[in-house]
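The values are calculated or read from the model by the stated rules, or taken from the named source; none is laboratory data. None of these values were measured; they are calculated from a predicted model. Cβ sites come from the backbone with ideal geometry, for glycine too, and all protein chains shown count toward neighbours.
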Amino acid sequence: NVVLVAKGIVKTFGNHTALNNVDLALHSGEVHALLGENGAGKSTLIKIITGAYTPDHGEISVDGVLVQFTTPQQAQSAGIGTVYQEVNLLPNMTVIDNLFIGRQPRRYGFVDRKKMAREAHRILSQYGLDIDVHAELSTFSVAVQQIIAIARAVELSGKVLILDEPTASLDRTEVEKLFEIVRRLKARGLAIVFITHFLDQVFELSDRVTVLRNGRLVGSETIGDLDRTS
Ligand code: ADP
Ligand code: ADP
């Protein structure tokens, strides 16, 4: 079923139209690849979905309800989490702090470090990570940091996960681990957006593909249909 719908999105910067009447529908339990050359409008679309930009025209609905996010926090509260290529965490803070800072105090209001450490271990074990959660984030590889960023985004948001070029700086083994995690999140019912330049990874991981070109929607197909027509 459809979790998020963006309809007729228009966004201009000065006299440049970055998005021209773009639609996007994200389904739960699917990986949706978003493709396009540099400048096609991918980041702008993501920023609109996540409340970082406001569209000039168009509508976004989450679970059938119209939304108007004006801050990324609002999008996050509505279940939309984003992980950027340049891991959007705090490198000089501990893994624990990176997982829990900015959390709803009602849900994660504990101040007991031992309790937090236990919870951090419990969460990260679901992602195949058994690490020292008291260590500074920067002491871990980019791949591990990225998994921590995904864990944070999923725990914080939990409906839509946007991965912006997540494999750009990973080696093949790390990519495999990441894909395993993504497949597990898919099975949990998340709607995942996968922005990448690697076409082989699109076919390997995605269920649906949307292509943007110069701010326009070129097409949106299931992988099955794309395979049949190619
Ligand atoms: P992509 O992510 O596909 O590379 P972007 O969404 O970043 O594309 O960019 C789409 C177009 O919008 C580009 O021409 C880009 O220069 C322009 N653009 C994006 N953000 C801004 C901004 N804040 N101000 C002006 N132009 C922008
Ligand atoms: P990224 O390419 O990493 O997504 P951003 O799009 O966030 O970077 O751009 C960083 C800053 O530059 C933002 O303040 C954005 O508004 C601005 N910006 C991005 N593209 C353009 C552009 N083509 N012209 C003017 N400003 C831009």
*Candidate set: the stretch 31-52, residues that are buried (at least 20 other Cβ atoms within 10 Å of the Cβ) and of a type in the set (Ser, Thr, Tyr); chosen: the one farthest from ligand 1 (Cβ to nearest atom)*: Thr50
*Taking the stretch 37-72 as the region of interest, how many residues are of a type in the set (Gly, Ala, Ser) and more than 13 Å from ligand 2 (Cβ to nearest atom)?*
4
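For residues in the stretch 89-128 being part of a loop (DSSP other than H, G, I, E, B) and among the polar types (S, T, N, Q), which is modelled with the highest pLDDT?
Within the stretch 89-128, the first condition is being part of a loop (DSSP other than H, G, I, E, B), and the residues that meet it are 89-93, 101-104, 109-112, 126-128.
Narrowing the set further to residues that are among the polar types (S, T, N, Q) leaves 92, 104, 126.
Values: Asn92: 91, Gln104: 51, Gln126: 94.
My answer is Gln126.
With the structure loaded, tell me whether Arg183 is part of a helix (DSSP H, G or I), without any contact (Cβ under 8 Å) to a residue 24 or more places away in the chain, of a type in the set (Lys, Arg) and under 28 Å from His27 (Cβ atoms) or whether it fails that test.
Working: part of a helix (DSSP H, G or I): yes; without any contact (Cβ under 8 Å) to a residue 24 or more places away in the chain: yes; of a type in the set (Lys, Arg): yes; under 28 Å from His27 (Cβ atoms): yes.
Here the answer is yes, as Arg183 does meet what is asked.
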*Report, by residue number, each residue of the stretch 54-84 that is part of a loop (DSSP other than H, G, I, E, B) and surrounded by fewer than 16 Cβ atoms within 10 Å (Cβ to Cβ).*
Thr54, Asp56, Asp63, Gly64, Gln68, Thr70, Thr71
*Can you tell me which residues in the stretch 8-36 are within 14 Å of ligand 2 (Cβ to nearest atom), in a strand (DSSP E or B) and not small (Gly, Ala, Ser)?*
Lys11, Thr12, Phe13, His16, Thr17, Leu19, Leu34
*Restricting the first residue to the stretch 32-50 and requiring it to be farther than 22 Å from Val67 by Cα, which pairs with a second residue that is modelled with pLDDT of 95 or more and in a loop (DSSP other than H, G, I, E, B) meet a Cβ separation below 6 Å and a spacing of at least six or different chains?*
Ala33/Ser206
*Please find, within the stretch 185-201, the residue that is modelled with the lowest pLDDT out of those that are farther than 22 Å from Thr50 by Cα and aliphatic (A, V, I, L, M).*
Leu199
*asked:* Exactly one of these conditions fails for Val83: (1) within 16 Å of ligand 1 (Cβ to nearest atom); (2) modelled with pLDDT of 90 or more; (3) of a type in the set (A, V, I, L, M). Give me its number.
replied: (2)
*Take the stretch 195-230 and flag every residue that is under 23 Å from Val5 (Cα atoms), surrounded by fewer than 18 Cβ atoms within 10 Å (Cβ to Cβ) and within 16 Å of ligand 2 (Cβ to nearest atom).*
Asn214
*Of the residues that make up the stretch 60-75, is at least one within 16 Å of ligand 1 (Cβ to nearest atom) and aromatic (Phe, Trp, Tyr)?*
no
*Across the stretch 195-214, which residue is nearest to Thr44 (Cα to Cα) among those that are in a loop (DSSP other than H, G, I, E, B) and more than 16 Å from the chain's Cα centre (by Cα)?*
Asn214
*Kindly indicate which of Ile192, Ile150, Ile162 is in contact (Cβ under 8 Å) with a residue 60 or more places away in the chain, buried (at least 20 other Cβ atoms within 10 Å of the Cβ), of a type in the set (Val, Ile, Thr) and part of a helix (DSSP H, G or I).*
Ile150
